[in-house]
Amino acid sequence: MFKLMKGRFGYAVRVVGVSQARWARQKLCLQKDREQARTVIVPVLRQYSSLRHLQRDLLKYPGPNYGIPSRGIGMIVARVLRGALKIRYLLLGGSLAGGSALAKTYEKWKEALPDTKFLEGILPSQEDLDSIRSSLITYRDKIKDAVPAFTLDPKLKELGESHYDQLVVWFKERLDDAVRAAEEEKSENSVVFPDGEILTLSRVAQSLTPLVKDFSADLKQHAISFSAMGSAAEREREKAETIREKYEGLQEELMQVQLKYQKEVERLEKENKELRKSLMLKAGDIVARKKIKKSLIDMYSEVLDELCDYDSSYDTQDHLPRVVVVGDQSSGKTSVLEMVAQARIFPRGAGEMMTRAPVMVTLSEGPYHIASFKDSTREFDLTKESELAELRKEVELRMRNSVRSGRTVSHEVISMTVKGPGLQRMVLVDLPGIISTVTTDMATDTKEAIRSISQQYMSNPNAIILCIQDGSVDAERSNVTDLVSQMDPQGKRTIFVLTKVDLAEENLTNPDRIRKILSGKLFPMRAIGYFAVVTGRGNKDDSIQAIKDYEESFFRSSRIFKGGVINSHQCTTRNLSFAVSECFWKMVRDTVEQQADAFKATRFNLETEWKNNFPRTRELDRDELFEKARGDILDEVVNLSQVSPKQWEDALAKKLWDKMVTYIFENIYLPAAQTENSGTFNTTADIKLKQWADQMLPKKCVEVGWVTLEDEFRTFMERAKNSKDHDTIFDNLKACVVDEAMRRHEWEDKAADVLRVIQLNALEDRSVSDKQQWDAACKFLEDSVKEKLESTESTLREMVGPSIKEQWMYWCYPTEDQKNRAAVKAELEKLLLSDYAHKNTLSYDEVTMVRKNSQSHGAEVDNEFIRETWHPVYRRHFLRRALAKAYGCRKAFYAYHQGLEGELGVECNDVVLFWRIQQMIKITANALRQQVMNREARRLEKEIKEVLEEYGCDREKKEQLLTGRRVMLAEELKRVRQIQEKLEEFIHSLNAEK
């Protein structure tokens with residue numbers, strides 16, 4: 001109201017000047033002197049046409065001594081009006097104009113003002129306002145002819161009640177000065193009208209004084225009312241403004257205090273890290289390792305590692321607490337985990353799925369910031385970027401190796417431990433991100449597989465769900481919130497994390513949406529805590545410290561934070577890690593004993609089953625069974641040294657002859673025996689033997705030596721099965737180990753060269769030194785020929801079918817082909833009877849004769865059929881002749897020794913040939929036996945140990961070779977005992993820490 005009065009001040013003064021001029025004109029008109037009135041009105045109009053002369057003129061004549069120059073009656077009238085009427089019309093015009101403006105703007109003020117019920121006792125009532133309005137209208141009617149329009153001077157607002165009294169006093173002083181001056185110069189400054197009336201300044205002042213007093217009293221009363229009403233509204237606005245300013249100030253102060261507190265805490269934690277590191281290092285590496293190994297979180301992680309591989313048929317579920325990190329793909333799950341771990345330990349891809357398997361990260365405290373895998377002893381220094389890059393490659397490689405058979409995601413858990421000063425102790429499981437669409441490079445069931453993995457981990461009633469939501473995208477696009485609300489409808493174990501808040505603040509026009517999210521009013525899911533974090537600026541090369549600095553600077557200057565949209569304790573990953581760690585350990589303390597009791601019950605069930613099914617049998621798991629099998633196999637290798645040299649040589653000689661007998665008869669003996677004389681026989685035999693010894697014989701002998709070694713070893717293994725202590729559970733494992741070792745074993749390369757030299761020397765010797773060797777050679781020849789003869793006769797029997805006796809006794813009859821064979825065989829035998837020294841081939845005429853003779857007996861055969869039958873028939877004839885010659889040579893040693901066998905008609909070249917072969921076999925067997933006993937048995941033992949070492953490290957191989965309910969039960973029992981013992985140890989340490 002005061003501003004409105006101030007704005008109307010200039011206009012009111014101008015109106016007052018015009019009103020004075022009209023009043024003077026009317027006065028002069030009454031005297032009927034228009035010319036004289038014009039001389040008075042014109043200076044007055046000029047004098048009061050603008051506000052700019054008011055203050056200047058008042059200051060120009062400050063007191064009663066200023067005097068008025070004698071410039072005629074017009075100047076006297078002008079000065080009198082200026083000294084008296086100005087004050088009257090100024091006050092009247094300002095008050096009346098202000099009242100009119102107040103009536104017009106009252107309704108606008110009422111709508112703009114807030115709820116003003118509290119002002120009912122302060123502001124004037126409607127009756128008071130009506131009284132004010134009627135008073136103003138009354139004043140307007142009194143001077144409506146002189147003053148057509150009024151506006152309230154806005155300066156009255158500034159003055160108020162206190163300054164109004166000062167203004168009235170000042171006006172009265174000026175008015176009294178003007179009256180005294182007018183009386184002193186009455187004669188000079190008076191105006192004489194035609195009717196004789198004299199207008200003086202004193203008369204004008206006296207006439208105006210009552211009006212001024214009346215108006216001053218009313219104006220003072222209304223000014224007090226206006227001032228009270230405006231002051232009350234202004235005070236309320238000022239009060240509200242003051243409260244708002246105080247609130248903003250307190251909030252700003254609170255933020256500064258919190259930031260200061262955070263910086264102080266960071267400084268103290270940094271000092272604490274250094275002190276802890278110094279203490280650990282001072283105590284020594286051994287003590288430090290012992291402390292780290294016995295830490296609570298490491299003990300708890302060992303229990304979880306055991307449970308990851310545990311598979312029980314007793315419905316014992318793994319309900320131990322974990323922090324399960326779930327969220328949509330690219331929502332920032334991995335970044336949140338890295339901020340908690342304070343290292344960039346996971347690989348990244350632009351829009352590509354990188355988390356393909358669950359990654360269990362155990363955070364614990366240690367003197368150095370390092371990371372390691374459960375199944376590896378290597379430690380990665382997380383303070384070096386090169387080792388961080390190697391760690392990320394290793395994680396990516398393990399993820400890709402876990403995906404088999406064309407699948408995109410895997411259930412296999414990659415277990416990792418991250419240690420460092422000041423890390424919050426907890427176990428987090430990073431799961432693959434929830435997707436909405438399966439792309440062409442994914443398996444068709446990828447979407448369902450990811451949801452299945454997430455539901456499996458979230459279904460644990462003691463798992464803490466860390467629900468990650470991308471704040472830079474529309475909330476309606478979220479997939480994970482529905483899944484989390486299904487698994488935890490009450491939200492008793494869910495912590496909601498809104499990531500990328502910086503992008504959200506930049507993109508969202510309504511910050512109230514973020515407030516709704518973080519207060520749990522936007523999503524249907526519930527949670528025990530809501531947090532807002534910033535995990536990067538989009539640059540994958542930023543360090544963790546750079547991200548933390550950026551996060552703190554963002555929340556320090558964010559309008560979301562400063563505007564009270566979110567509370568300070570809901571910001572930063574630092575506060576998030578504290579809250580998650582506190583919730584994790586609370587859940588662990590509340591549930592771990594219950595889980596220990598469940599495993600006690602499972603252990604009792606398993607032990608009862610073992611006692612009933614396997615009494616008086618020790619509980620051996622796969623590792624223990626494997627170690628026992630290892631000892632048995634190595635014992636059998638040692639038994640190879642107990643084999644006598646004669647036994648080795650006999651076995652080697654037998655296998656050597658079995659390996660070369662066919663080649664000797666077919667390629668050496670038969671071709672040499674077809675020669676016409678002994679000289680040609682020996683020449684042909686020498687050539688064939690040398691070629692054989694140079695090319696094939698050494699390698700074949702080495703193969704024979706290896707086969708003999710294998711057979712002997714397997715013989716020992718089979719012999720062990722007959723003992724009363726034999727356990728069939730090891731049979732598959734032992735057989736597989738022996739097969740693999742034999743497959744890998746290779747005889748020394750130089751062995752063949754050594755054998756070649758001694759074999760050539762043995763084959764070149766034709767001199768049989770004594771009768772014993774001669775008899776042995778004859779017997780060797782006879783046995784070899786008899787063996788071949790039996791094989792040949794067996795072949796002939798199959799060709800010609802059953803004999804007459806067999807047909808009568810066994811009721812079996814020959815086929816048509818066998819009948820033809822029998823007819824041809826009979827004709828060929830007649831041919832050989834006619835020519836005892838027949839060669840090994842048939843002439844054309846002989847073939848034609850045999851065919852025609854067979855046809856005469858009803859056998860229709862061709863030439864090829866005859867030749868096929870000829871080979872076994874002739875071989876039997878030759879072997880019978882060789883056997884007869886061997887019998888004849890038994891007594892020809894002395895003739896051979898004297899060189900008279902040719903003169904006596906006895907040819908013993910066959911015996912000499914087989915004696916040479918026999919000697920070569922003996923020498924070869926002896927050489928191979930020495931190699932086996934001196935080198936090959938030890939090499940075999942070494943290879944068996946290598947195979948056992950590999951199998952011992954291959955869990956899948958042991959599961960494949962050691963099977964059965966006995967093994968499975970022992971495995972479960974051992975695992976449950978280990979879990980129970982570790983849980984009890986953990987509970988004991990946990991209670992001790994309390």
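The values are calculated or read from the model by the stated rules, or taken from the named source; none is laboratory data. Keep in mind that what you see is a predicted model, and the values were worked out from it rather than measured. Note that we place each Cβ from the backbone using ideal geometry, even for glycine, and neighbour counts take in every protein chain shown. We work out accessible area using only protein heavy atoms, side chains counted, and drop any ligands, DNA or RNA first. Shrake-Rupley method; radii C 1.70, N 1.55, O 1.52, S 1.80 Å.
Exactly one condition in (1) open to solvent by less than 20 Å² (accessible area, probe 1.4 Å); (2) under 28 Å from GLY249 (Cβ atoms); (3) at pLDDT 85 or above is false for ARG574; which is it? It fails just one condition, (1).
What tally of residues in region 693-706 results from selecting those that are open to solvent by less than 70 Å² (accessible area, probe 1.4 Å) and over 53 Å from the mean Cα position of the chain (by Cα)?
Taking region 693-706 and keeping what is open to solvent by less than 70 Å² (accessible area, probe 1.4 Å), we get 693-694, 697-698, 701-702, 704-706.
Among the residues that remain, those that are also over 53 Å from the mean Cα position of the chain (by Cα) are: 693-694, 697-698, 701-702, 704-705.
Qualifying residue count, region 693-706: 8.
Taking the numbered list (1) farther than 23 Å from VAL976 by Cβ; (2) modelled with pLDDT under 85 in turn, ALA598 passes all entries but (1).
Please verify whether LEU763 is over 20 Å from ASN926 (Cα atoms), assigned to a helix (DSSP H, G or I), at pLDDT 85 or above and open to solvent by less than 40 Å² (accessible area, probe 1.4 Å), treating the condition exactly as stated. It would help to see each step written out before you state the result.
On the way: over 20 Å from ASN926 (Cα atoms): no; assigned to a helix (DSSP H, G or I): yes; at pLDDT 85 or above: yes; open to solvent by less than 40 Å² (accessible area, probe 1.4 Å): yes.
Taking the combined requirement at face value, the residue does not satisfy it.
Go over the candidates ARG867, ARG876 one by one and state the one that is open to solvent by 70 Å² or more (accessible area, probe 1.4 Å), in a helix (DSSP H, G or I) and not hydrophobic (A, V, I, L, M, F, W, C).
ARG867 is the lone residue from the list that is open to solvent by 70 Å² or more (accessible area, probe 1.4 Å), in a helix (DSSP H, G or I) and not hydrophobic (A, V, I, L, M, F, W, C).
When region 434-465 is limited to residues that are within 14 Å of the chain's Cα centre (by Cα) and farther than 20 Å from ALA527 by Cα, the one that is surrounded by the most Cβ atoms within 10 Å (Cβ to Cβ) turns out to be ILE450. Are any of the residues in region 467-489 modelled with pLDDT of 90 or more and in contact with a Pro (Cβ under 7 Å, 6 or more places away or on another chain)? So far as region 467-489 goes, no, none of its residues is modelled with pLDDT of 90 or more and in contact with a Pro (Cβ under 7 Å, 6 or more places away or on another chain). Of the residues making up region 771-803, those that are open to solvent by 40 Å² or more (accessible area, probe 1.4 Å) and under 14 Å from GLN918 (Cβ atoms) number 5. Just one of the listed residues (SER335, SER331, SER372) is touching a Ser or Thr at 6+ places or on another chain (Cβ under 9 Å), surrounded by fewer than 21 Cβ atoms within 10 Å (Cβ to Cβ) and small (Gly, Ala, Ser), namely SER372. Residues considered: ALA546, ALA504, ALA598. Of these, the only one that is among the small types (Gly, Ala, Ser), open to solvent by less than 50 Å² (accessible area, probe 1.4 Å) and more than 30 Å from the chain's Cα centre (by Cα) is ALA598.
For region 721-744, the set of residues classified as of a type in the set (A, V, I, L, M) and open to solvent by 30 Å² or more (accessible area, probe 1.4 Å) consists of ALA735 only. SER557 meets all of the listed conditions (1) modelled with pLDDT of 85 or more; (2) small (Gly, Ala, Ser); (3) open to solvent by 50 Å² or more (accessible area, probe 1.4 Å) but one, namely (1). Tallying residues that are open to solvent by 50 Å² or more (accessible area, probe 1.4 Å) and aromatic (Phe, Trp, Tyr) within region 615-642 yields 0.
Exactly one residue among ILE944, ILE917 is in a helix (DSSP H, G or I), out of contact with any Phe, Trp or Tyr (no Cβ under 7 Å at 6 or more places or on another chain), modelled with pLDDT under 90 and of a type outside the set (Phe, Trp, Tyr), and that residue is ILE944. Among the residues of this structure, ALA685 does not count as one that is touching a residue at least 60 places away in the same chain (Cβ under 8 Å), part of a helix (DSSP H, G or I), open to solvent by less than 60 Å² (accessible area, probe 1.4 Å) and closer than 30 Å to GLU950 by Cβ.
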